[in-house]
Every structure is written in C-alpha cells, then in structure tokens.
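**Student:** Before we start, here is the structure in question, set down as structure tokens.
The values are calculated or read from the model by the stated rules, or taken from the named source; none is laboratory data. No experiment lies behind these values; they were computed from the predicted model shown. As a convention, Cβ positions derive from the backbone with ideal geometry for all residues, glycine included, and neighbour counts pool all protein chains shown.
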Amino acid sequence: MRILTPIIISALMVSTAYAQDAAPEAEVLHWFTTGAAAAALGEISQDYQEAGGVWIDNAVASGEAARAVGFNRMVGGQPPSAMMLNVGRQTDDLIDQGLLAPIDEAADASGWNQNAVAAVKEAVTRNGHIYGAPTNVNGQNWLFYNKELFERVGAPVPDTWENFWIALDKLKAEGITALAVGAQPWQLSMMFNHTLAGLGGHDLYLKVFADRDVEAIKSPEFREVVDAMVKMRDYQDPGSPNREWNIAANMLITGNAAIQIHGDWSQAEFDAADWDGYGCLIGTGDKSFIMGGDMFVFPKLSDNASEERKLGQQLLAQVMLSADTQVSYNKNKSSVPSRTDAKFEIVDRCKAQALSAMADPSLTLPADGMLLLPDTVGALMELEGELWAGTVSVDDFVTRFANAIEYAD
Amino acid sequence: MASSLTRPSYFRNIASNLAAIPAWLVLLVAYGASMGWTIWISFTSSRVMPVNEFVGLQQYERLWGELAWTTALTNIFIYSVLSIAGSLILGFLLAVAIDQRIRAEGVFRTIFLYPYAMSLIVTGLAWKWIMDPTLGLGKVTRDFGMPWLSFDWLVKPDTAIYVVIAAAIWQTSGFVMAILLAGLRGIDGDLMKAARLDGIPLIRFYLYIVIPELRALIVAAAVLLTIGAAKVYDLVVALTGGGPGLATEVPARFIMIRLFLRQSIGQAAAASTIMLLIVLLIALPWVYFQYVRTPNSRGEKS
C-alpha cells in the first residue's frame, strides 16, 4: 500500500498532464509589424485566444522577407500553421505542389462560404476547394483629393474624365502640383489599372486581364488609356521618381499636392494624421471597384505534427473567417471585410462607397494579382515604370504589354 | 636529406593540412555545392518552389529577351568601369594630398575615410534626398534665386546612373586613399629628394616612379572595388529603386526581384549563372597572369 499510493498519484499526474496539452495552437507568420496593421492583427489574435487557441506570433518585418521565410519553411518540411499572403495567384505553385491544406469545413462552419464576396471567393478556390482565408478586401483604384486646394482654384470634383483634366489644368495654372505620384513601378501599375478600369471601362479591364484578349490590347480604347497615362505625367512634380507611397500621401496632407490615385491604405495615413480635408472617389469615369486583399494560407503540416497544431489550424481558419472577427480586424484598417454580412456600426463616407460598390457584382473587378501570376504582374509593373519614365514609346508599350499577357502562364 | 626531397609535400605539414579541412569543407559544400545547385535550377522550370523539371535552355532564352537584363548588364559595365576608375583616381589624389605632410592630417584622413563606414543604404538615402529636385540641392539653389542651376540628374533616365556612380565614388575613395597612403608612406623619402635634385617635375615623379612602386596596392584596391561593383544592390535600391524606368537597373537587383517578388526562381538562377560566367571570364585571365605564368625577370611571382 505504501508503494502503491505514490505510483497511483504519479500515474494520475501524468495523465492530467497529457489532458492539459490538448489546447489548439497555431504559429502565424506575417509582416504586419507596424501601427494600424499590427493592431488589426491583434484583434484576430485576441479572438483566437478567446476561442481557446494558443497564438504563436511570428512577425517578419517586410512582406518579401516574410513570404521568403514561409516558402522556405514549407519546402523544408517545417511550415508555420498559417502564413500571410496577398489574395491572388501567389499560391498557384503551392497548391499544385500539394503544399497547402484546404479549409472547406472551416469556411462552411463560420458561414463565410455562403456570404463571401464573389470575386474574392473565386480567387481563393482551386479545383473546388478553398485554400485561403481572406481577412479583408482593399480597394486599389481610389482617387483622393485635397478639398481645400480644389475649392481654392475652383476645380470640379474629378468624377468624370472631362472633369479630371479640367481640374488638373486649373491646378497647374495656379502653380499647384496636381498629382502626388510615387513613381515606383507598383504604384504606377495601380494608377494604370485605375485608368484602364475608369477610362477603358469594366469590360475592357476584364478582357485584358481575365480573357487575355490581345485584340483588346491593340484596340484604340486601350491606346486611349495609355495616352491618358502619358498625359498625366505632365501634372506631377519633378521629385516623383522612387518616392514612397506614404510621402506622396503626405503631400496631400500638407497641401503640397492635390490628387493621389492609390489604394485605400492612403486613407489610413490621412486618418492617422488626423486630417479630414480629403475627398474620396472610387475610380474616375466607370465606377468599378478594383479589389485586392490580404489572406492567410494554411500549409499542410507534416504527418508527425502534434494534434494541437492540426486542431489549431482549422480553428484559426474558422476564427479568421467569422463575421465578428472580420469586423474588428477591418475597423482598424481602412479596408472592408471579405464577407457581405459583416456589418460595421460606423461607416465613413469612403467605406460607404466601397461597401455599396461591393454589393453589386457588376461594379467589382479583381486586382491584376488575382488573375495573373506574380511574374506577369511584375513584368507589367516594369513596363509601366518605363512608360512613366518616358523610355518606351506608346507603340512599343502596347506591343510589349500584349506580349506579356499573351505569354502569361 | 634525400628522404625529405622525395616525400610528397602534403605530408610534410600534416597538422596544418588537417586544420585547413574545415575551410575546404566550407568551400566545397557551402560555395561549390550551392553554386552547382543554382546552376541546376537554372535549367528547370522552377517558379516559387524549386522543382526538378528539366527544361533545357528555356530560362536562358527568356532571359536574353528581357530588356531589363540587357539593360542591367550595360549599366553594371558602365557603373563598374567609371566607379572603379573614379575611386582609384580620386583615392590616389587624396592620398598624395595627405602625404604632403599637412598640418591636420589626422582630421582630413578621418573626414575622407568616414563615408566608407556608412552602409550603402544610408549613402543611397542621403544622396537621394540631396539630389531630389524638390528637397535637396535643387531646392537650395531655387531658394537662393538661382533656378537655372538645376540638379535634376537623378530624376532623368539618361543621367541617373551617373548619380549612382558619384555616390559610389564618394563612398569608396576614402578607402582607396587609406590603402594608397600606407603605400606612399612606405616609399623611400630619398627617392623624392633625388627626383627634385634631377629637376623632374612632380607630376612625372608621381606618374612614372610612385605609381609603379604602388602597383601591388593599386591592384589590391582594384580587386576589392571590383568585387563591390559587380554585386552593387543596396545602393541602387536606396538611391533610385532601379529607376527612372530601367535606367539604373543592375543584375543583383534583377535577380533579387525575380527570386522573391516575381516568384521566378528559374530566371533568377539563370541570371546568377550568367553573372558567375562573366566574373570567371574576367577573373581567370587575371589569375593566370598573376599566379600561373612563370615569374617575371624581377623574380617576383605576384
């Protein structure tokens, strides 16, 4: 009996120790290390912990570095539970190689499947399975303008292309820098897509990027878009090459420039600087809303991964896709949830435009990254950078653009 | 006596040969094997993940059709030649100037060597702000009422590369100065006196007597500069981001973008292999002339 008691007690201790280890855990790899983005991600982490999960944070400072770490670990067989990516075709190779786990059950259980924004759901579905959990939808073709400068010169609101050119001329006549441009290829590419959707129209945009129609690219309508882009060069200031996007946004805040054509994260800059004097428009001309987004993918864990990790992954997907989490994540950023039934209490005038555009499928467009591989997107960005620098003629631009699209994978 | 002549040389110093084994392993495994693997990947269709699907020369065909690649090669050639020549010449002039036994020699040496202590990212950013037409020198001349004196070389595609070269020369000429100053100090002071006695002008003295004496050091400095020039990346990224357009694109940046951003590992591997070939093409003849050829008449080997 004297020997039996310690044996029974230690057996009980060991068994309870095993039972306590069953909490689902997830290691999350991301690049949201600053300000509003980190706060937003903190909301997801909080919700996950409230649902009983253990959040293991793995933050890497830059998007490229984070993606590189994630891909390397997947190849090496020690993947994180979840990895941040942009919604789009960055995942094609991974899915083809069988490296990602589908999250169909979590999408159903959280109700996301039934309420997702159509274009976003299509972007994360392959072979009938859902491979990514989009946390938001951000708009990429916003036009922000400094209302005070516009009033000063009597410029019309640039909601049509005629008004846009009138406004630019009036601003330039008064010696004001009309366009705040950060002439880096990725920013110029967003400006080009904004012009393609707004001036070329919803259908031309889809013909070019979704249908890969070379005739559409060689059409006079497309050429008109390229000419408009070239004409916009005359309204920038000389310091635009290699300027960062937030410096360009700051030019609006300080009144040094009047218009910035950029994504909705510029609005977060204005809000962070407590500046309210901006007007916002989705596109100019055609009101289509170009949508991109952030999402998490869930690499297939190795067979000897613990139960906690496997449970943790599915729980995390479910939490990320739930309506409440999507609302609390997006209230800190200037983007909107990826499901149509997630309601905000307070909606500012810009988000209101975004939400009403997203409710109408004929007004939404997927970002180029959702339709093309990063390689093609990068080639087009490079080309648009050359166009802006004036080192390629309009004819050569059209030819090389058509080539890139035609031979895209 | 006879036995030591017939014994093979690598058994003579077993201890030191054993000690060199880790270095050999690093060389063969870390450098050799990873270079071999990269060359292999350049013959596959790898995109974001390395895959072993052999596609022959497809990546190379695509590579040579890319304007960005041919521009990058042209740019790196212009950049290397001008920045190395500029650093050597400016470094030599600075060394000669300091060697004149001026008063505050330590202060000047520090000032000229200081840029070398800065990272290239910091150098790039500083030059970017200085050469920004709206912020830097251009703003200063405008505020002083001289708008005709514009400094827009950085934002024009034709002249941006020269700003990058200038920043590089600014960074490395102090380093060349330090090396050559050491060499100048090693030159016999009597040579200078003898030259003056003979009435040889100073320029000819430096050109025909001093520079040949410093030959070994100049070559050493040139080698180090060449290594830095071939792999220039952070300076370009910070200063121009490769732009405007493709004006300052360089191979290292080309490769990095395809490796990470554009998910084309095959392309990056192909470009890296070409860079390796170019470097070998330049380095091998030099190595031959320096180390393999029989010693010259002065009995020196290198």
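**Student:** All but one of (1) at pLDDT 90 or above; (2) within 14 Å of another protein chain (Cβ to nearest Cβ) hold for B:L137; state the number of the condition that does not hold.
**Tutor:** (1)
**Student:** If I filter the range A:168-191 down to residues being in contact with a Leu (Cβ under 8 Å, 6 or more places away or on another chain) and more than 21 Å from A:A367 (Cβ to Cβ), which single residue comes out as nearest to the other protein chains (Cβ to nearest Cβ)?
**Tutor:** Among those that are in contact with a Leu (Cβ under 8 Å, 6 or more places away or on another chain) and more than 21 Å from A:A367 (Cβ to Cβ), it is A:T177.
**Student:** Does the range A:378-387 contain at least one residue that is among the acidic types (D, E) and either outside any helix (DSSP H, G or I) or within 21 Å of A:G111 (Cβ to Cβ) (or both)?
**Tutor:** Step one: of the range A:378-387, the residues among the acidic types (D, E) are A:382, A:384, A:386.
If we keep only those that are either outside any helix (DSSP H, G or I) or within 21 Å of A:G111 (Cβ to Cβ) (or both) as well, we get none.
No - not one qualifying residue is present in the range A:378-387.
**Student:** Among the residues of the range B:186-195, write down those that are surrounded by 12 or more Cβ atoms within 10 Å (Cβ to Cβ) and within 24 Å of B:G91 (Cα to Cα).
**Tutor:** Residues satisfying the conditions are B:I187, B:L191, B:M192, B:A195.
**Student:** B:I130 versus (1) touching a residue at least 12 places away in the same chain (Cβ under 8 Å); (2) out of contact with any Asp or Glu (no Cβ under 8 Å at 6 or more places or on another chain): which is the lone unmet condition?
**Tutor:** It fails just one condition, (1).
**Student:** Let me ask something else. From A:K147, A:K121, which residue is modelled with pLDDT under 90, of a type in the set (D, E, K, R) and over 21 Å from A:G378 (Cα atoms)?
**Tutor:** On the way: A:K147 fails: modelled with pLDDT under 90.
Residue meeting the stated conditions: A:K121.
**Student:** Condition test on A:L204, is it closer than 21 Å to A:T376 by Cα, surrounded by fewer than 22 Cβ atoms within 10 Å (Cβ to Cβ) and away from chain B (no Cβ under 14 Å)?
**Tutor:** Numbers: closer than 21 Å to A:T376 by Cα: yes; surrounded by fewer than 22 Cβ atoms within 10 Å (Cβ to Cβ): yes; away from chain B (no Cβ under 14 Å): yes.
Spelling it out, A:L204 is indeed closer than 21 Å to A:T376 by Cα, surrounded by fewer than 22 Cβ atoms within 10 Å (Cβ to Cβ) and away from chain B (no Cβ under 14 Å).
**Student:** Output the residue which, of all residues in the range B:200-228 that are farther than 14 Å from B:W286 by Cβ and of a type in the set (S, T, Y), is surrounded by the most Cβ atoms within 10 Å (Cβ to Cβ).
**Tutor:** Among them, the one singled out is B:Y206.
**Student:** With surrounded by 17 or more Cβ atoms within 10 Å (Cβ to Cβ), more than 13 Å from every other protein chain (Cβ to nearest Cβ) and in a strand (DSSP E or B) as the only criterion, which of A:A107, A:A123, A:A133 stands out? Working first, answer last.
**Tutor:** Numbers: A:A107 fails: in a strand (DSSP E or B); A:A123 fails: in a strand (DSSP E or B).
A:A133 is the lone residue from the list that is surrounded by 17 or more Cβ atoms within 10 Å (Cβ to Cβ), more than 13 Å from every other protein chain (Cβ to nearest Cβ) and in a strand (DSSP E or B).
**Student:** Looking at the range B:141-185, which of its residues are within 14 Å of another protein chain (Cβ to nearest Cβ) and either surrounded by 22 or more Cβ atoms within 10 Å (Cβ to Cβ) or assigned to a helix (DSSP H, G or I) (or both)?
**Tutor:** Hits for the range B:141-185 are B:T141, B:R142, B:L154, B:V155, B:A160, B:I161, B:V163, B:V164, B:A167.
**Student:** I need a count of the residues in the range A:110-120 that are over 15 Å from the mean Cα position of the chain (by Cα) and either part of a loop (DSSP other than H, G, I, E, B) or on the phi > 0 side of the Ramachandran plot (or both).
**Tutor:** 2
**Student:** Additional query: Hey, among the residues in the range A:66-91 that are at the interface with chain B (Cβ under 8 Å from one of its Cβ atoms) and surrounded by fewer than 17 Cβ atoms within 10 Å (Cβ to Cβ), which one's farthest from A:V377 (Cα to Cα)?
**Tutor:** Among residues in the range A:66-91 that are at the interface with chain B (Cβ under 8 Å from one of its Cβ atoms) and surrounded by fewer than 17 Cβ atoms within 10 Å (Cβ to Cβ), the one farthest from A:V377 (Cα to Cα) is A:V75.
**Student:** Let me ask you something else. Return a yes/no flag: does the range B:265-286 have any residue that is at pLDDT below 90, at the interface with chain A (Cβ under 9 Å from one of its Cβ atoms), touching a Lys or Arg at 6+ places or on another chain (Cβ under 9 Å) and buried (at least 22 other Cβ atoms within 10 Å of the Cβ).
**Tutor:** Within the range B:265-286, not a single residue is at pLDDT below 90, at the interface with chain A (Cβ under 9 Å from one of its Cβ atoms), touching a Lys or Arg at 6+ places or on another chain (Cβ under 9 Å) and buried (at least 22 other Cβ atoms within 10 Å of the Cβ).
**Student:** Sticking with this structure for a sec: Say whether the condition of being within 19 Å of B:I161 (Cα to Cα) and small (G, A, S) is met by at least one residue in the range B:90-105.
**Tutor:** No.
**Student:** Another question about this same structure. Taking A:I247, is it surrounded by 16 or more Cβ atoms within 10 Å (Cβ to Cβ) and either over 30 Å from A:S81 (Cα atoms) or touching a residue at least 12 places away in the same chain (Cβ under 8 Å) (or both)?
**Tutor:** no
**Student:** Okay, moving on. From the residues in the range A:357-370 that are surrounded by fewer than 21 Cβ atoms within 10 Å (Cβ to Cβ) and modelled with pLDDT under 85, which one is nearest to A:A118 (Cα to Cα)?
**Tutor:** Applying the filter and picking the extreme gives A:P361.
**Student:** Moving on to the next point. For the range A:351-368, how many residues meet the condition of being aliphatic (A, V, I, L, M) and within 14 Å of another protein chain (Cβ to nearest Cβ)? Working first, answer last.
**Tutor:** First, pick out the residues of the range A:351-368 that are aliphatic (A, V, I, L, M): A:352, A:354-355, A:357-359, A:363, A:365, A:367.
Filter once more, keeping what is within 14 Å of another protein chain (Cβ to nearest Cβ): none.
Counting residues in the range A:351-368 that are aliphatic (A, V, I, L, M) and within 14 Å of another protein chain (Cβ to nearest Cβ) gives 0.
**Student:** Are any residues in the range B:46-100 surrounded by fewer than 17 Cβ atoms within 10 Å (Cβ to Cβ), of a type in the set (G, A, S) and assigned to a helix (DSSP H, G or I), and if so, which ones?
**Tutor:** B:A85, B:A97
**Student:** Then there's this: Output yes when any residue across the range A:40-47 is more than 14 Å from every other protein chain (Cβ to nearest Cβ), assigned to a helix (DSSP H, G or I), under 23 Å from A:A305 (Cβ atoms) and small (G, A, S), and no when none is.
**Tutor:** The answer is yes, given that some residue of the range A:40-47 is more than 14 Å from every other protein chain (Cβ to nearest Cβ), assigned to a helix (DSSP H, G or I), under 23 Å from A:A305 (Cβ atoms) and small (G, A, S).
**Student:** Is at least one residue of the range A:224-231 within 14 Å of chain B (Cβ to nearest Cβ) and either within 30 Å of B:L235 (Cβ to Cβ) or part of a helix (DSSP H, G or I) (or both)?
**Tutor:** yes
**Student:** Let me ask another. Going residue by residue through the range A:156-175, is there one that turns out to be surrounded by 15 or more Cβ atoms within 10 Å (Cβ to Cβ), part of a strand (DSSP E or B), in contact (Cβ under 8 Å) with a residue 24 or more places away in the chain and within 30 Å of the chain's Cα centre (by Cα)?
**Tutor:** No, the range A:156-175 contains no residue that is surrounded by 15 or more Cβ atoms within 10 Å (Cβ to Cβ), part of a strand (DSSP E or B), in contact (Cβ under 8 Å) with a residue 24 or more places away in the chain and within 30 Å of the chain's Cα centre (by Cα).
**Student:** State all residues of the range A:369-409 that are at the interface with chain B (Cβ under 9 Å from one of its Cβ atoms) and β-branched (V, I, T); if no residue qualifies, say none.
**Tutor:** A:T376, A:V377, A:T391, A:V392
**Student:** In the range B:234-255, which residues are more than 9 Å from every other protein chain (Cβ to nearest Cβ) and without any contact (Cβ under 8 Å) to a residue 40 or more places away in the chain?
**Tutor:** B:A252, B:I255
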